[in-house]
Amino acid sequence: AYIFFTSGSTGVPKGVVGTHLGLAHFLDWQRKTFSIGRGDRAAQMTSLSFDMVLRDMFLALSSGATLCIPDESDVLDPRAVLCWMAEEKISVLHVVPTLLRAWLAHVPPNLKLPDLRRVFLAGEPLTDTLINAFRSEFGERALVTNFYGPTETTLIKSFHSVYVPERGVQPVGRAQPGTQMLVLNVVGELCGINEIGQIAIRTPYRTLGYLNAPD
């Protein structure tokens with residue numbers, strides 16, 4: 001269905017080959033789990049070169065919601081993008097914590113986002129400080145959900161909706177249906193309580209691997 005490249009932060013960028021099955025499974029799950037529908041207005045904040053754009057675009061379009069696209073210059077201007085969100089009555093937002101933090105430092109006086117009801121954050125650790133700052137500025141109507149999952153497993157594979165933030169970094173939560181999340185030690189065995197390990201994700205909805213690198 002698509003090819004998106006990794007950032008290359010650990011070497012040469014690699015093309016990840018995604019499938020219709022994996023993308024459709026994710027979109028169906030998110031639409032049903034968070035009740036996204038025809039009354040929603042979703043913002044597309046992600047550039048076309050980043051795999052998260054699949055979620056931004058197709059969640060809205062496959063749910064009968066309205067997809068709202070700001071001017072590119074507005075996305076980089078906190079005041080402009082927040083005013084745009086208020087004017088467009090945005091109700092569904094996907095954003096990375098760094099960008100949300102930058103917006104909160106430049107909120108125009110008296111600006112509110114009363115229509116916002118679903119905020120999904122991914123790509124970086126989510127802290128209680130950021131959640132509390134967001135709620136202090138815009139209230140608690142919007143449900144904040146922490147997403148986790150690499151490009152290789154098709155967008156998101158675990159989630160945690162935050163009602164009362166834990167101190168510090170928030171959990172990545174529990175696995176989606178059809179997914180198993182394991183924490184393995186250096187010899188590939190399940191970790192014990194409080195033992196540090198590496199996350200392993202098992203799912204039939206992953207991607208097909210790397211382009212021209214089947215191994």
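The values are calculated or read from the model by the stated rules, or taken from the named source; none is laboratory data. Computed from a predicted structure; not experimentally measured. Every residue, glycine as well, gets a Cβ built from its backbone with ideal geometry; the counts of neighbours run over all protein chains shown. These area figures cover heavy atoms from the full protein model, side chains too; ligands, DNA and RNA do not enter into them. Shrake-Rupley method; radii C 1.70, N 1.55, O 1.52, S 1.80 Å.
Observations on the model:
- Looking across region 103-130, the residues that are within 23 Å of VAL172 (Cβ to Cβ) and either among the aliphatic types (A, V, I, L, M) or out of contact with any strand residue (DSSP E or B) (no Cβ under 9 Å at 6 or more places or on another chain) (or both) come down to LEU104, LEU116, VAL119, LEU121, ALA122, GLU124, LEU126, THR129, LEU130.
- Residue count, region 9-31 (criterion: open to solvent by 20 Å² or more (accessible area, probe 1.4 Å) and within 16 Å of ALA213 (Cβ to Cβ)): 6
- Unique match (being crowded, with 17+ Cβ neighbours inside 10 Å, more than 30 Å from LEU21 (Cα to Cα) and modelled with pLDDT of 95 or more) among LEU59, LEU126, LEU130, LEU93: LEU130
- The residues listed here are PHE34, PHE50; of these, the one that is crowded, with 19+ Cβ neighbours inside 10 Å and either aromatic (Phe, Trp, Tyr) or without any contact (Cβ under 8 Å) to a residue 24 or more places away in the chain (or both) is PHE34.
- Any pair with Cβ under 8 angstrom, 6 or more apart, that starts in region 188-215 at a residue that is touching a residue at least 12 places away in the same chain (Cβ under 8 Å) and surrounded by 10 or more Cβ atoms within 10 Å (Cβ to Cβ) and ends at one that is of a type in the set (Phe, Trp, Tyr) and not in a loop (DSSP other than H, G, I, E, B): TYR205/PHE26
- Qualifying residue in region 183-195 (condition: within 21 Å of the chain's Cα centre (by Cα) and not small (Gly, Ala, Ser)): no
- Residue match in region 115-125 (condition: free of Cβ contacts under 8 Å to residues at least 60 places away in the same chain, under 14 Å from VAL75 (Cα atoms) and within 21 Å of the chain's Cα centre (by Cα)): no
- Residue in region 65-78 that is modelled with pLDDT of 95 or more, in contact with a Ser or Thr (Cβ under 6 Å, 6 or more places away or on another chain) and open to solvent by less than 20 Å² (accessible area, probe 1.4 Å) present: no
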